[in-house]
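S.K.: This is the structure, below, for whatever I ask next.
The values are calculated or read from the model by the stated rules, or taken from the named source; none is laboratory data. Computed from a predicted structure; not experimentally measured. Ligands, DNA and RNA are stripped out before the accessible areas are found, and what is left, the full protein with its side chains, is counted by its heavy atoms. Shrake-Rupley method; radii C 1.70, N 1.55, O 1.52, S 1.80 Å.
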Amino acid sequence: MFKQEDHEGRPPTPARPLEGAERGIRDRLSDGHRLAWVAETEREICGQVFLCLVERMPDPYEDSALL
């Protein structure tokens, strides 16, 4: 439903089965490099944040941990 802002308040018609998207999201979130949070108001989702951890560019310094 978060895509409705791109479609004048109405969610677009899915081009693929939602189960495939759910499975893909679940797989990506399970690897530990991606995180997601949702905001709720009165038990309804009203926002979301998605974070993808990436490696820093190689550099000559010791601390090259994930960002």
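S.K.: Can you give the accessible area of V38 in Å² (nearest 10), computed on protein heavy atoms with a 1.4 Å probe?
M.R.: For V38, the solvent-accessible surface is approximately 90 Å².
S.K.: Considering amide H positions built from the backbone, and no H for Pro or chain starts, which residues 5 or more places from R34, or on another chain, come under 5 Å of its amide H?
M.R.: Residues meeting the criterion, in which the H sits 1.01 Å from N, are L53.
S.K.: Can you work out the Karplus-derived ³J(HN,Hα) for every residue in the stretch 20-30? Use 6.51 cos²θ - 1.76 cosθ + 1.60 with θ = phi - 60°, whole Hz, and x for glycine or proline.
M.R.: x, 5, 4, 4, x, 5, 4, 4, 5, 6, 7
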